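Peer 1: Before I ask anything, here is the structure I am working with.
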Ligand code: SF4
């Protein structure tokens, strides 16, 4: 049975730029249930990775801070923990895999040491047992010769193998929540499919909740149950995968979906969203998407829309004046 695993409430994260603070993630709230894959999508710079690093408490304290919110994992607020307590949670209850496996592994350490150190940190077991667990976990992620791979340095492995090792490391302590930040972007298409299959297997067998951060809507359509669309640091839409692709409500989501090539389509060029994501320090007044939105009305340039529950069952959320007006008309 699925239970509420992660609850992010009103998260705000800021970065220091020159002498002032700019908001990179603003008032972000969402939940993930155990065994559920939630997609987090949007263009580069929309706040996806900052959200995940905030949940992991991995933002640099030198130039960034979480200035508001709660991150409840199994009911415990991660933002209230000290560094030592947080280190215990990372790996054991929550783990992350990054976009560039080659950059995430230590190039000077054999895979065995990197894996067993992670296992020994969270389990009171002997080195022999940790070696056995490392071997088993490499095998479980489809590495054909685990014993040999354990002896390798990262540079002796391909990108796909390194990503498998990263997933093995993330899964070695069977965390409840896995955060995958563009886990397949650096890999070729065949390996991408294998890594996604592997994550789906892990979800099914361990009931792991997964936050899948990606700009690839194909990955979302294939893997996720629900999707959150972010723009300029805020959530602009949330829906089930089926609803989002069948009937995207927010003009930004509509633009993202329209820009994906359709199988069998004969069109020679795809529409793109004009303009670019606004600079964090000079956000437009009102709706942050207004300068790029073909439906922008006067109110859009002066009042920021709220993220409201929409749809008959109020199971979707959307931040748009136009959608709000349409919802009101349906009610009348
Ligand atoms: Fe476009 Fe206005 Fe909706 Fe913003 S609020 S997405 S500008 S219609």
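The values are calculated or read from the model by the stated rules, or taken from the named source; none is laboratory data. Note that this is a predicted model, so its numbers are computed, not measured. Neighbour counts run over all protein chains shown; Cβ positions are idealised from the backbone, glycine included.
Peer 1: Cβ-Cβ distance below 8 Å, separation of 6 or more or different chains: which pairs start in the range 282-294 with a residue that is at positive phi and within 8 Å of the ligand (Cβ to nearest atom) and end on one that is at pLDDT 95 or above and assigned to a loop (DSSP other than H, G, I, E, B)?
Peer 2: If the second residue must be at pLDDT 95 or above and assigned to a loop (DSSP other than H, G, I, E, B), the pairs left are 286/302; 286/303; 286/304.
Peer 1: Restricting the search to the range 279-331, which residues are surrounded by 13 or more Cβ atoms within 10 Å (Cβ to Cβ), within 27 Å of the chain's Cα centre (by Cα) and within 30 Å of residue 18 (Cα to Cα)?
Peer 2: Result: 280, 283, 284, 286, 287, 288, 289, 290, 291, 292, 304, 305.
Peer 1: From 259, 272, 234, which residue is under 16 Å from residue 42 (Cα atoms) and at pLDDT 95 or above?
Peer 2: Details: 259 fails: at pLDDT 95 or above; 272 fails: at pLDDT 95 or above.
Of the residues listed, the single one that is under 16 Å from residue 42 (Cα atoms) and at pLDDT 95 or above is 234.
Peer 1: So, one more: Tell me, yes or no, whether the range 121-140 has at least one residue that is in contact with a helix residue (DSSP H, G or I) (Cβ under 7 Å, 6 or more places away or on another chain) and in a loop (DSSP other than H, G, I, E, B).
Peer 2: The answer is no, given that none of the residues of the range 121-140 is in contact with a helix residue (DSSP H, G or I) (Cβ under 7 Å, 6 or more places away or on another chain) and in a loop (DSSP other than H, G, I, E, B).
Peer 1: Regarding the range 155-172, can at least one residue be identified that is buried (at least 17 other Cβ atoms within 10 Å of the Cβ) and within 30 Å of residue 67 (Cα to Cα)?
Peer 2: Within the range 155-172, one or more residues are buried (at least 17 other Cβ atoms within 10 Å of the Cβ) and within 30 Å of residue 67 (Cα to Cα).
Peer 1: Those residues that are in contact with a helix residue (DSSP H, G or I) (Cβ under 7 Å, 6 or more places away or on another chain) and surrounded by fewer than 18 Cβ atoms within 10 Å (Cβ to Cβ), I need them from the range 82-95; list them, please. Full working, then the answer.
Peer 2: Looking only at the range 82-95, we keep the residues that are in contact with a helix residue (DSSP H, G or I) (Cβ under 7 Å, 6 or more places away or on another chain), and these are 86, 89, 91-92, 95.
Once the filter is applied, which keeps residues that are in contact with a helix residue (DSSP H, G or I) (Cβ under 7 Å, 6 or more places away or on another chain) and surrounded by fewer than 18 Cβ atoms within 10 Å (Cβ to Cβ), the range 82-95 yields 86, 92.
Peer 1: Please note which strands (runs of 3 or more DSSP E) are completely contained in the range 9-77 and include at least 2 residues that are under 28 Å from residue 276 (Cβ atoms) and more than 16 Å from the chain's Cα centre (by Cα).
Peer 2: 20-33, 64-73
Peer 1: What are the residues in the range 239-256 that are within 20 Å of residue 313 (Cβ to Cβ) and within 15 Å of the ligand (Cβ to nearest atom), if any?
Peer 2: First, pick out the residues of the range 239-256 that are within 20 Å of residue 313 (Cβ to Cβ): 239-250, 253.
248, 249, 250, 253 - these are the residues of the range 239-256 that are within 20 Å of residue 313 (Cβ to Cβ) and within 15 Å of the ligand (Cβ to nearest atom).
Peer 1: Determine which member of the set 190, 185 is touching a residue at least 40 places away in the same chain (Cβ under 8 Å) and either assigned to a strand (DSSP E or B) or under 25 Å from residue 259 (Cβ atoms) (or both).
Peer 2: Unique residue meeting the criteria: 185.
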